Amino acid sequence: HVKARGKDGYRFYSESMSIDSANRLNLERDLRLALERDELRVFYQPQVCSTTNRIVGLEALVRWQHPERGLLYPRDFLPLAEETRLIGQLSERVLDQACQDVGLWIRSGHSDLRLAVNLSPVQVEHPKFVDTLMQRVRAHRFPAQNLEIEITENVIMNDLEQISQKLRELAALGVRIAIDDFGTGYSSLNYLHRLPIHTLKVDQSFVKAIRSGDDGACIVNAIVAMAHGLKLEIVAEGVETDEQLEYLRKLGCHQVQGFYYGPARPAEHISRTLAFPTAQAASI
Ligand code: C2E
Ligand code: MG
Ligand code: MG
Ligand code: MG
């Protein structure tokens, strides 16, 4: 969906804006119930080292197991959660569950395993954001250095002063900071060397453009080169094919994530995957 900034924060223009108000009310009521009935699920997608095939991180992606409508994806309910401020509770659940699951895997021998969590603009803009986040992390005794937060360029550009302060505090505590969907936002490159950023996530639209002879690949080349120069880690999103993986590997892109290695899956599935030392290409 397209985000535009309104007077009082973010407004989301998406399919959810066109559904009639009765449907909206139903969905809002259902979402409140979902929180009460604990219907939210956290799925994990592996982030794989492109040279060793080892799983270095897991990105937590929220799902909603709706009693009638089945498994719902973020695009079906996140915009509404953000508008209604249910996003605070939703994020708290996701973070709690993810700290619990990944904390267990870290303590059972995968000591360097990284947990990547997506944060919404509403959350990050809250004055008590750092305290709220760290309170949850500490409650689970989750090691801060194993945590990476994913924010978008828009969040940074929105209020550079405020965000710098918050990111500095988090970085000082050992938390890593990733820029999600890099290259698609409204941004200036100037912040990259002024803020404590650790990782750039190349948006999947640029990865899609990796085909022989396609000019779109130039953007991936440029982003990876820049990340190398700035000594930032780089994760390519949406890697689906052998060709894309090979291209990114040759380019020196450190990590890849995508359907090539598999979609986000429930914790039970990830537990079994982690029992093997290296990730296998998904059989698709
Ligand atoms: P994102 O953080 O950029 O996550 C990547 C999205 O691409 C995920 O969609 C993932 O399932 C999908 N994906 C992964 N590999 C591939 C691939 O190879 N091909 C294709 N076509 N897609 C792939 P998902 O799970 O539907 O999430 C969509 C967005 O919703 C996320 O984009 C993120 O911005 C947001 N989101 C997800 N979970 C949370 C959450 O817990 N909190 C917040 N605030 N936002 C979340
Ligand atoms: Mg993300
Ligand atoms: Mg992304
Ligand atoms: Mg996104």
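What is the ratio of the Cα radius of gyration of region 134-284 to 2.2 N^0.38 Å, with N the residue count, to two decimals?
1.13
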Next on the checklist: Just to be sure I understand: with springs between alpha-carbon atoms less than 10 Å apart, which residue in ARG141, ARG176, ARG41 has the highest mean-square fluctuation in the Gaussian network model of the chain?
Outcome noted: ARG141
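Beyond 21 Å, what share of the Cα-Cα pairs of region 22-108 is found? Please give it as a whole percent.
On the way: 1388 of 3741 pairs.
Above the 21 Å cut-off, region 22-108 has 37 percent of its Cα pairs.
May I ask for the equivalent-ellipsoid semi-axes of the chain, computed as the square root of five times each C-alpha gyration tensor eigenvalue and listed largest first in whole Å? Write down the numbers at each step before the final one.
Details: eigenvalues 155, 104, 89 Å².
Each semi-axis is √(5λ); the values are 28, 23, 21 Å.
From the alpha carbon gyration tensor of region 105-186, can you work out the equivalent ellipsoid semi-axes (sqrt of 5 times each eigenvalue) and give them in Å, largest to smallest?
Working through the eigenvalues yields semi-axes of 23, 15, 10 Å.
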Next on the checklist: For the chain, what does the helix formula give at 222 nm: sum of -39500 (n - 2.57) over DSSP H segments with n ≥ 4, over the residue count, nearest 500 deg cm²/dmol?
Outcome noted: -13000 deg cm²/dmol
Next on the checklist: Springs between alpha-carbon pairs under 10 angstrom, Gaussian network model over the chain: which of GLN162, GLN97, GLN257 fluctuates most?
Outcome noted: GLN162
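I'd like the projected area of region 206-247, averaged over all directions, using the convex hull of its alpha carbons. Report it in nm² with one decimal. Provide the component values of the computation, followed by the final result.
Numbers: hull surface 11.1 nm².
Seen from a random direction, the Cα hull of region 206-247 projects 2.8 nm² on average.
Where a number appears in this text, it was derived from the coordinates with a stated rule and is not lab data. Given the structure is predicted, the values throughout are model-derived calculations rather than measurements.
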